[in-house]
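Down below is the structure, laid out as structure tokens.
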Amino acid sequence: MPSPSPSSSSASTFIGSKSEINKQEFIRLIIEYLYSLGYKKSASLLESESTIPFKYSQLLYLESQILNSNFDNCVQTLNKFENLNEETRSSALFLVFKHCITEFLNRGDNLSALSVLRKQVSVLGIDKEKVHKLASEIVCSEQKELGKINVNGNGNNSCIEDLRQRLVVELEEMLPPPITVPKRRLEHLVESAIIAQRDSCIYHNSSDGISLYEDHLCGRDQVPTETLQILDSHENEVWFVQFSNSGEYLASSSSDCTAIIWKVSEEGILSLKHTLRSHQNPVSFVSWSPDDTMLLTCGNGEVLKLWDVETGTCKHTFGEKSPIVSSCAWLPDSKRLVCGSSDPNKCIYMWDLDGNELEAWRGVRMPKVSDLAVTPDGKYLISICSEKDIRLYSFHTKTERVIKEEHPITSLSVSRDSKYLIVNLNSQEIHFWDIVGTGTNPLKYTGHKQGKYVIRSCFGGVDCMFLASGSENSQVYIWNRRNQKPIEVLTGHSMTVNCVSWNPTRPQMLASASDDQTIRIWGPSRTKGQSRTLKQSCQC
């Protein structure tokens, strides 16, 4: 039975529970995918049983004409294709004429090749550069007698046949549906459906594959919603927490002038590893080196200190003769660091591990720096200046982009993939910005309470698809990045929650630091009564 052309096919039948799927198109997609998987017998059988062809007759005629070197009829067939815009038709004809010229050249018939170029290619309206390139090939073949393709007296034309077959493939890729069926289109549709279901699932927080057997929908057990552990070794308000890059440690700092390094066990239980005692004033900021072997601590009215994570000893004190620093960050090599200073001398420093100044941004026009970060890929230094400015400095181009907010910014956080940043504003909003983008309208998240204090937020979960923030009403808020309103509000603290940190390798573990002098470790809901409190003796 001859395969019909697109225009002669019978009226379409629609299938599916809502009659939205064109049966003929659907079966052609299945046949194409069976062929792409190598199931040729199954594909051929489906064509025969359904009487729906994978390739319409016009396309089969076109392929036959090309393989048999009947290029005049090939041109006529292309000109008869319906619903083909002129740009695509011209591009397809150009491929055919280009192949004709190639065959003429390799037979040494340069005059015929030149005739095709002048009489047929030149009238297609094709980009002049392509036409000139073809003309150059003709000139080169005349000058060099370029290699005639392997054609012997017995008519062995294997190379020519390969070129013709390649032309068939190129035309199939160029011609639109329904003349051809897009390659692996069925796979693309299924993937798109999976991605759409995943993206619409506000609790999706797993790297596991999604089953095709049922609609995808995650429950609340994919995100931290319950206190699993309470750490109360600090003796005053806890201002900052941050998990290490490997997720194996947690660092906390407090107004009790100490910082603590906690070890995360394989079972997800935290235990005190070191209490870092050397600061004379409250410690409000910590930063892990990218290799997790060192920790920086600093605070308002305090110097910057470098600690060895394994031993808990202070390796270096920075800035003893320089301004105090209030925020710090590492460069990816774990050998350089930057720190921001507010008073009395406003400046951003870059130091090596021995305290040698490598670079500095200073001067009377240098604004107050309240927070800073370096993107994990090391491309940008991001700082919060003059309360309302986000400054993005490119280390590579030495240029700066400034994002201006309308309300004072209290904190900054950068995603692990170096693509995005979020800032907390005292207007009770969190703003989400694209680091390399040029947009002027950030995504905005609301629901938490913030007006008087420094509240810090963070990215978290698989692919950093969640945001979390502390709040002045003693609660922790969690958002899916696609939702402006929180999807979870966690209760348990009794005073302001100053800072949160999401474990980068355990997507269901979250830590929060509060003025109630505790750190809470949050995880998926489990049987009640299993929360534990750890209070351990101080270790140096």
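The values are calculated or read from the model by the stated rules, or taken from the named source; none is laboratory data. For clarity, every value in this text was computed on a predicted model and none was experimentally measured. Glycine gets a Cβ as well: all are built from the backbone with ideal geometry, and neighbour counts include every protein chain shown. We work out accessible area using only protein heavy atoms, side chains counted, and drop any ligands, DNA or RNA first. Shrake-Rupley method; radii C 1.70, N 1.55, O 1.52, S 1.80 Å.
Distance between the 7 Å Cα→Cβ label points at Leu217 and Glu266: 3.7 nm. When each of the peptides 286-295, 64-73 is scored by the mean number of other C-beta atoms lying within 10 Å of its residues, the order from highest to lowest reads 286-295, 64-73.
Couplings 3J(HN,Hα) for the range 246-252, derived from phi with the Karplus relation 6.51 cos²θ - 1.76 cosθ + 1.60 (θ = phi - 60°), are 7, x, 8, 9, 10, 10, 10 Hz, where x marks Gly and Pro. With the helix formula -39500 (n - 2.57) applied to DSSP H stretches of n ≥ 4, the chain reaches a computed 222 nm mean residue ellipticity of -7500 deg cm²/dmol. Normalising the average separation of contacting C-alpha pairs (under 8 angstrom, six or more residues apart) by the number of residues puts the relative contact order of the chain at 11 percent.
Give me the angle, in degrees from 0 to 90, between the Cα long axis of helix 128-144 and the longest principal axis of the Cα atoms of the chain, rounded to the nearest 10. The angle comes out near 60 degrees. Rounded to the nearest 10 degrees, the inclination of helix 57-67 to the longest alpha-carbon principal axis of the chain is 80 degrees. For the range 365-498, the fraction of C-alpha pairs more than 17 angstrom apart is 57%. Accessible surface computed residue by residue for the range 220-523, with neighbouring protein chains in place and a 1.4 Å probe, gives 39 Å² per residue.
Rounded to the nearest 10 degrees, the inclination of helix 185-200 to the longest alpha-carbon principal axis of the chain is 20 degrees.
For the chain, with all protein chains in place and a probe radius of 1.4 Å, 48% of the accessible heavy-atom surface sits on carbon or sulfur.
Among the listed pairs Lys388/Lys485; Lys18/Lys55; Lys98/Lys119; Lys335/Lys388; Lys23/Lys80, which are separated by more than 21 Å between their Cα atoms? As for pairs spanning more than 21 Å Cα to Cα, those are Lys388/Lys485; Lys18/Lys55; Lys335/Lys388; Lys23/Lys80. Within the chain, DSSP assigns beta bridges of which about 95% are antiparallel (rounded to the nearest 5). Here the translational diffusion coefficient of the chain follows from Stokes-Einstein with Rh set to the Kirkwood radius across Cα pairs; for 20 °C and 1.002 mPa s it amounts to 75 µm²/s. Across the range 220-523, the relative contact order, built from alpha-carbon pairs under 8 Å that are at least six residues apart, equals 16 percent. Listed values for the range 402-413 are Karplus-derived 3J(HN,Hα) couplings in whole Hz (6.51 cos²θ - 1.76 cosθ + 1.60, θ = phi - 60°), namely 10, 9, 9, 9, 8, 10, x, 9, 9, 6, 9, 9, and x replaces Gly and Pro.
The label-point distance for Lys368 and His396, in a model that sets each label 7 Å from Cα toward Cβ, rounds to 3.5 nm.
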